[in-house]
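Colleague: I'd like to ask some things about the structure below.
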Amino acid sequence: MSVIIIGAGPAGCEAAYQLAQAGEKVELIEQEAQPGGNLNNWYQLFPDRKSAQELNRQLILRLEHPNIRLHLGCMPTKIDRREGRFEVQLNDGALLTGQALLIAGGFQLFNAHRKEEYGYGIYENVITSVELENFFTNQRIQTSTGQLPKRVGFIHCVGSRDEKTCNFHCSKLCCVTAVKQAIELREILPEAEILCFYMDMRMFGPGYEEMYREAQEKYRIKFVRGRLSEASENKAKQVLIKAEDTLIGKPLKMTLDLMVLMVGMELSAGSRQLAEMTGIEKATNGFLRVKDPHFATNETNQKGIFLAGSCSSPMNLTDTLTDARSAALTIREYLKHIDL
Amino acid sequence: MYYDPFVLPFTLGLNILLIYLIIKYARWIRTFSTEDRQTIRRNIFTLKTWKAGKEVFLESLVHHKIFRINPFLGYMHLCFGLGWFLLIVIGKIESLVYHTSIFNPPYFAIFFRYFHPAKETFPGSNVFAFFMDLILLMILSGLLLAWLKRLYSKALGLKRTTRHRPFDLLILTVLWLIFPLRFLAESFTSGLRGGGSFLTHTAGDFFNSFLPIEQLSYPAWWAYSSALGLFFLLLPFSRYMHIPTEIVYIFLKNWEVRQGKHFSGISQFQLYSCSRCGICIDRCQLGSSLGMTDTQPVYFLKKLRHGKEHSILVDNCLMCGRCEAACPVDLRLNALRLTQRQEDIRITKSTYEYIRPAAAKTTAKVAYFAGCMGHLTPGVIRSMQSIFHKAGVDYTFIDEGGSICCGRPMMLSGNHHTAAIIQEKNKASLEASGAELLVTSCPICYKTFKEDYRLDMQVLHHTEYLDILLREGALHPHCSDITTVFHNPCELGRGCQVYTAPEHILQTISHRIATAYEGKDALCCGGSLANLHISPQQRLQLAEDALNAYAAYRPDVLVTACPLCKKTFSQPGSSLPVQDIAELVDGQC
Ligand code: SF4
Ligand code: SF4
Ligand code: SF4
């Protein structure tokens with residue numbers, strides 16, 4: 001039996017490996033030239049500060065399994081269902097067939113240009129959380145004028161929980177990412193003032209709350225409860241922000257040398273296309289809808305098509321990998337069933 | 001004196017109708033404000049009255065606007081409007097030529113064929129007969145189209161036909177019976193006694209060949225008169241009330257009686273002037289993008305008129321003005337809907353006490369105002385600052401440190417009182433600058449500055465200002481191959497009639513691609529603050545559909561001139577870049 005997996009991010013890789021180990025043939029399709037997905041852009045992972053690239057390497061290493069065929073730089077152009085089999089036409093001309101289809105198309109980060117009032121792409125010292133990861137990778141933090149920033153602000157919920165961008169959902173990870181990044185930043189900039197502007201701190205995972213406490217006590221990160229309304233830039237290229245500190249109920253104005261936007265997660269364009277090609281329903285938050293939120297978290301409204309990872313909702317890496325294993329199990333059950 | 005009892009239904013119906021109309025209109029006019037009355041008095045003996053007369057002819061009779069929108073529909077309306085009018089006027093002349101007495105009652109002309117012994121000729125009697133037949137034929141052809149329209153509304157280029165109440169169907173049937181009955185009555189009479197022309201005469205002979213027209217002729221006249229009488233009696237309670245009301249409304253409109261913030265006499269006239277032509281239906285993007293087919297003015301006005309529940313319809317409108325721009329009766333549809341929105345926010349002067357006193361007087365002649373929306377698109381502000389710099393304009397950025405809202409969103413939600421407080425606060429700080437010219441980036445601010453603020457300085461939207469700078473040679477555009485499509489924001493185009501400035505700018509600095517959405521036909525981006533009902537997802541759908549419509553012309557950039565449009569269009573994540581006209585000008589000069 002063979003399974004076609006679309007997307008070789010962490011979810012796709014893990015599911016491929018689990019299925020391959022169980023003796024299924026796997027066709028793993030990835031549009032980029034290398035597997036790993038969004039993980040490629042990360043430096044360290046919360047909560048244990050594991051190297052992202054180390055995890056990535058481990059996941060990719062397992063793709064060398066003899067049951068896995070990896071198709072890099074490929075995209076499905078057509079998906080047909082014929083006599084209980086899926087036929088996936090790739091843009092390089094190959095035609096793959098399989099009894100089950102697993103969509104692991106993942107998420108994409110919110111395009112910060114859409115929140116123009118925060119000045120991304122307009123003001124020099126406004127960056128996104130991904131760009132900050134890049135800074136960390138290169139171990140170089142400086143402002144556009146080449147100085148060490150004295151005051152850095154993290155802005156939570158950019159493109160999440162925001163009616164104006166039509167994204168109502170919480171992206172779940174940006175709070176803890178901000179805490180992690182603030183700590184990493186403190187290690188490089190012992191003297192700087194570091195602030196996080198949040199609406200709520202969503203520290204859902206094990207160890208997260210502890211990290212948050214440590215950030216305040218040990219790393220002197222200031223947490224301000226209030227949403228940024230707008231930003232402007234002064235002559236010195238600093239970012240002037242206006243917000244309201246909702247805990248003391250006062251408007252607040254401040255200049256930042258560097259402003260980091262904690263961009264949220266949306267369904268990736270690739271996942272959206274797949275949903276359109278296969279008729280998978282979308283949930284109101286824009287992600288793909290699972291058949292049942294408790295019992296069928298990897299199944300969809302289309303028989304034989306499964307989901308793994310953050311194409312069904314924002315997930316951290318722990319949950320993504322767990323979800324991928326769960327998808328592998330679900331698919332095996334399904335394959336047994338159609339065997340009879 | 002010519003008389004026969006069959007004229008009674010007609011005469012009775014007509015007189016009751018006239019008395020009813022006079023009482024009703026007088027009541028409405030009585031509620032006009034003193035200001036409105038003065039305006040009427042000032043304008044009644046001017047050319048405006050002549051203009052109104054001309055408009056009545058063009059719109060109520062010829063239906064020239066409907067013609068332009070849809071020739072089929074226009075012809076249909078022309079047949080009824082002009083046809084009926086000519087039938088009455090030429091009929092009257094004919095009867096006067098035959099028997100010059102001013103004491104002839106109205107029915108004499110209407111039933112002339114019955115009273116006139118066909119043998120007795122008079123000057124031009126054949127010509128009259130010919131024309132009367134021709135006009136009747138024209139009306140009958142219109143009738144045929146109306147029939148077809150009900151059967152196949154698609155074939156006439158209309159997506160939907162307006163829905164009718166049972167009562168409307170009754171009067172529709174009566175109306176549709178009138179002319180066939182006249183045709184039968186006249187044909188039977190001419191078959192019997194001669195007279196008539198190519199239509200009724202021929203038909204008379206034809207009917208005579210197989211029908212007992214001797215017995216049928218008199219009842220046919222009764223039927224014709226009864227249909228007329230019944231029509232007149234039913235008219236005030238039907239949509240045909242628009243026929244007389246529209247005429248009065250056209251005069252009132254030309255005398256500059258305006259629809260104010262509250263529901264008033266002029267609102268009544270408008271309510272009853274809607275002909276339910278349904279042209280507004282196909283213009284509405286809530287219908288085409290979201291499948292909401294109950295909120296368009298034709299339905300809204302109907303509900304309002306019949307006192308039916310309409311609270312959702314009141315809120316569910318973008319106030320984009322697309323329907324208003326196409327309404328052949330020229331009703332102030334947005335203002336009418338606004339009268340039904342209630343004040344629901346209480347704000348006092350002290351609410352804004354925390355705002356610092358107005359900025360100090362500056363020497364600069366030009367004051368730039370980004371507006372609160374403008375502050376959400378710093379890219380636009382940036383470009384304007386750069387343009388001022390390039391053109392060497394001495395300016396002051398009066399709301400650089402922030403500002404309060406211009407108040408228009410409050411007005412659009414029906415909160416006029418709150419809006420007035422905000423406006424007062426704003427006006428003080430605008431005027432304190434002492435500038436001569438106020439340039440704003442936001443069409444929403446622009447509209448209310450122009451219409452409500454009564455500022456003692458000139459106000460321009462940056463589109464107009466940039467156009468002036470380009471025309472005066474203060475900016476030097478370089479040659480460019482960039483292709484553009486312009487999305488005219490609702491508040492700027494239909495709202496403030498700014499159409500030529502952006503067109504000229506884009507022609508100067510780019511290859512402007514003309515689209516089906518030029519001028520008054522521009523689309524709404526979906527971001528409108530005026531809709532208090534739809535969900536953000538539905539807005540996204542509107543934006544996506546509008547974007548796709550523009551993207552079909554494959555421009556390099558979609559250009560707009562409103563911070564809100566720009567933001568709305570950036571949400572669907574389309575590959576088509578969207579820029580404000582200021583950003584484009586800045587990039588090209
Ligand atoms: S995780 Fe935090 S920052 Fe991210 S969307 Fe949720 S509340 Fe906002
Ligand atoms: S509102 Fe205007 S366009 Fe709409 S049905 Fe009435 S007359 Fe026609
Ligand atoms: S103003 Fe716009 S949204 Fe409202 S009814 Fe007219 S066309 Fe529809």
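The values are calculated or read from the model by the stated rules, or taken from the named source; none is laboratory data. These figures come from a predicted structure and were not determined experimentally. Please note: Cβ atoms are built from the backbone with ideal geometry, for glycine as well, and neighbour counts cover all protein chains shown. Just the protein is used for accessible areas: all its heavy atoms, side chains included, with ligands, DNA and RNA removed. Shrake-Rupley method; radii C 1.70, N 1.55, O 1.52, S 1.80 Å.
Colleague: Go ahead and run the numbers for FRET between residue B:417 and residue B:237, Cβ-Cβ distance against an R0 of 22 Å, rounding to 0.05.
Modeller: With R0 = 22 Å, the Cβ-Cβ based efficiency is 0.05.
Colleague: Restricting to DSSP H runs of at least four residues, report the calculated mean residue ellipticity at 222 nm for the protein assembly as shown, -39500 (n - 2.57) per run over all residues, nearest 500 deg cm²/dmol.
Modeller: -14000 deg cm²/dmol
Colleague: Pairs of alpha-carbon atoms within less than 8 angstrom and 6+ residues apart define the contacts here; what relative contact order does the range B:478-588 have, in percent?
Modeller: It rounds to 32 percent for the range B:478-588.
Colleague: Report the dimensions of the protein assembly as shown along its three principal axes from the alpha-carbon atoms, largest first, rounded to Å.
Modeller: In descending order, the Cα extents are 113, 85, 52 Å.
Colleague: OK, next. Helix B:125-151: angle to the longest alpha-carbon principal axis of chain B, degrees 0 to 90, nearest 10?
Modeller: 50
Colleague: With every protein chain kept in the model, how would you rank B:408, B:68 by accessible area, 1.4 Å probe, largest at the top?
Modeller: Ranked from most to least accessible, the order is B:68, B:408.
Colleague: Give, in nm to one decimal, the length gained when the segment between residue B:507 and residue B:206 is fully stretched (0.36 nm per residue of separation minus the Cα-Cα distance).
Modeller: So the extension gain works out to 101.9 nm.
Colleague: Using only protein heavy atoms and a 1.4 Å probe, report how much of residue B:121 is accessible, in Å² to the nearest 10.
Modeller: Accessible area, nearest 10 Å²: 110 Å².
Colleague: Need one value for B:373-382: mean number of C-beta atoms belonging to other chains within 10 Å of its residues' C-beta atoms.
Modeller: 5
Colleague: Another question, if that's okay. In what sequence, highest mean first, do A:155-168, B:473-486 appear when ranked by Cβ atoms within 10 angstrom?
Modeller: The most tightly packed comes first, giving A:155-168, B:473-486.
Colleague: Starting from the Cα of residue A:139, move 7 Å in the Cα-to-Cβ direction to define the label point; list residues of the range A:153-185 whose amide nitrogen is under 19 Å from there.
Modeller: A:181-185
Colleague: If packing is taken as the average number of other Cβ atoms within 10 Å across a peptide's residues, how do A:203-211, B:299-307 rank, most packed first?
Modeller: The peptides rank, most packed first, as B:299-307, A:203-211.
Colleague: Still on this model: Against the longest principal axis of chain B, how steep is helix B:34-44, in degrees 0 to 90 to the nearest 10, with axes from Cα atoms?
Modeller: It works out to around 60 degrees.
Colleague: To continue, here is another question. Can you find, among B:267, B:278, B:326, the residue farthest towards the positive end of the dipole of the range B:245-338? Put +1 on the C-beta of Lys and Arg, -1 on that of Asp and Glu.
Modeller: B:267
Colleague: Step through the residues of the range A:271-277 one at a time and calculate ³J(HN,Hα) from phi using the Karplus curve (6.51 cos²θ - 1.76 cosθ + 1.60, θ = phi - 60°), rounding each to whole Hz and writing x for Gly and Pro.
Modeller: 4, 4, 4, 4, 4, 5, 5
Colleague: Report the relative contact order of chain A, percent, no decimals, based on alpha-carbon pairs under 8 angstrom and at least 6 residues apart.
Modeller: Result for chain A is 20 percent.
Colleague: Along the charge dipole of chain A, Cβ charges K/R +1 and D/E -1, which of A:283, A:301, A:201 sits furthest on the positive end?
Modeller: Toward the positive end, the furthest listed residue is A:201.
Colleague: For the range B:312-327, in order, what is each residue's ³J(HN,Hα) by Karplus, 6.51 cos²θ - 1.76 cosθ + 1.60 with θ = phi - 60°, in whole Hz (x at glycine and Pro)?
Modeller: Computed from phi, the couplings for the range B:312-327 are 6, 4, 4, 7, 8, 7, 7, 6, 6, x, 5, 5, 4, 5, 9, 4 Hz.
Colleague: Mind listing the long-range amide H neighbours of residue A:81? Cut-off is under 5 Å, sequence gap 5 or more, other chains count too, H placed in the peptide plane at 1.01 Å from N.
Modeller: A:87
Colleague: Explain nothing, just the number: relative contact order of the range A:129-230, from Cα pairs under 8 Å at least 6 residues apart, as a whole percent.
Modeller: 28
Colleague: Can you tell me the dipole magnitude for chain B around its Cα centre, using point charges on the Cβ only (Lys, Arg +1; Asp, Glu -1), in Debye to the nearest 20?
Modeller: 1140
Colleague: Would you rank A:86, B:57 by solvent-accessible area, highest first, keeping every protein chain in place and using a 1.4 Å probe?
Modeller: B:57, A:86
Colleague: How far is it, in nm, from the label point at residue B:346 to the one at residue A:336 when both lie 7 Å from their Cα along the line to the Cβ?
Modeller: Distance between the two pseudo-spin positions: 6.7 nm.
Colleague: In the protein assembly as shown, with Lys and Arg counted as +1 and Asp and Glu as -1 at Cβ, which of these residues, B:374, A:219, B:58, has the Cα nearest the positive end of the dipole, that is, farthest along it?
Modeller: Of B:374, A:219, B:58, it is B:58.
Colleague: Check which residues have an amide H placed less than 5 Å from residue B:317's amide H, if you skip close sequence neighbours.
Modeller: Under 5 Å from the amide H of residue B:317: B:532, B:533.
Colleague: Which far-off residues, 5 or more places away or on another chain, put their amide H under 5 Å from the one on residue A:158, with H placed in the peptide plane?
Modeller: A:262, A:264
Colleague: Tell me, in nm to one decimal, what length is gained between residue B:93 and residue B:64 on full extension, where the rule is 0.36 nm per residue of separation less the Cα-Cα distance?
Modeller: Stretched out fully, the residue B:93 to residue B:64 stretch lengthens by 7.9 nm.
Colleague: Where in the range B:89-118 does the amide nitrogen come within less than 11 Å of the point 7 Å from the Cα of residue B:193, taken along Cα to Cβ?
Modeller: Counting only backbone N, you get B:112-118.
Colleague: Suppose every K and R has +1 on its Cβ and every D and E has -1 on its Cβ; what is the size of the dipole of chain A about the Cα centre, in Debye to the nearest 20?
Modeller: 420
Colleague: Would you please give the FRET efficiency between residue A:34 and residue A:131, computed as 1/(1 + (r/R0)^6) with r the Cβ-Cβ distance and R0 = 25 Å, to the nearest 0.05?
Modeller: Once rounded, the FRET efficiency stands at 0.80.
Colleague: Using the Karplus equation 6.51 cos²θ - 1.76 cosθ + 1.60 (θ = phi - 60°), what ³J(HN,Hα) coupling, rounded to whole Hz, does each residue of the range A:196-202 give in order, writing x for Gly and Pro?
Modeller: 10, 9, 10, 9, 9, 9, 9
Colleague: Now for a separate question. Grab the beta carbon distance between residue B:537 and residue A:113, set R0 = 22 Å, and tell me the FRET efficiency rounded to 0.05.
Modeller: Plugging the Cβ-Cβ distance into 1/(1 + (r/R0)^6) gives 0.60.
Colleague: Report the charge-dipole magnitude of the range A:283-340 in Debye, nearest 20, computed about the Cα centre from +1 at each Lys and Arg Cβ and -1 at each Asp and Glu Cβ.
Modeller: The calculated dipole for the range A:283-340 is roughly 100 debye.
Colleague: Relative to the longest principal axis of chain A, what angle (0 to 90°, nearest 10) does the C-alpha long axis of helix A:129-138 take?
Modeller: 90
Colleague: Starting from the range A:242-307, pick out the trypsin sites (Lys or Arg not before Pro) whose DSSP state is loop and whose Cβ has at most 15 other Cβ atoms within 10 Å.
Modeller: The qualifying sites are A:303.
Colleague: Looking at this model, which pairs from A:180/A:282; B:447/B:566; B:54/B:447; B:65/B:92; A:235/B:349; B:390/B:427 are more than 24 angstrom apart at the alpha-carbon?
Modeller: Pairs exceeding 24 Å: A:180/A:282; B:54/B:447; B:65/B:92; A:235/B:349; B:390/B:427.
Colleague: While we're on this one: Pull out the extension gain between residue A:53 and residue A:216, defined as 0.36 nm times the separation in residues minus the alpha carbon to alpha carbon distance; nm, one decimal.
Modeller: Result: 55.9 nm gained on full extension.
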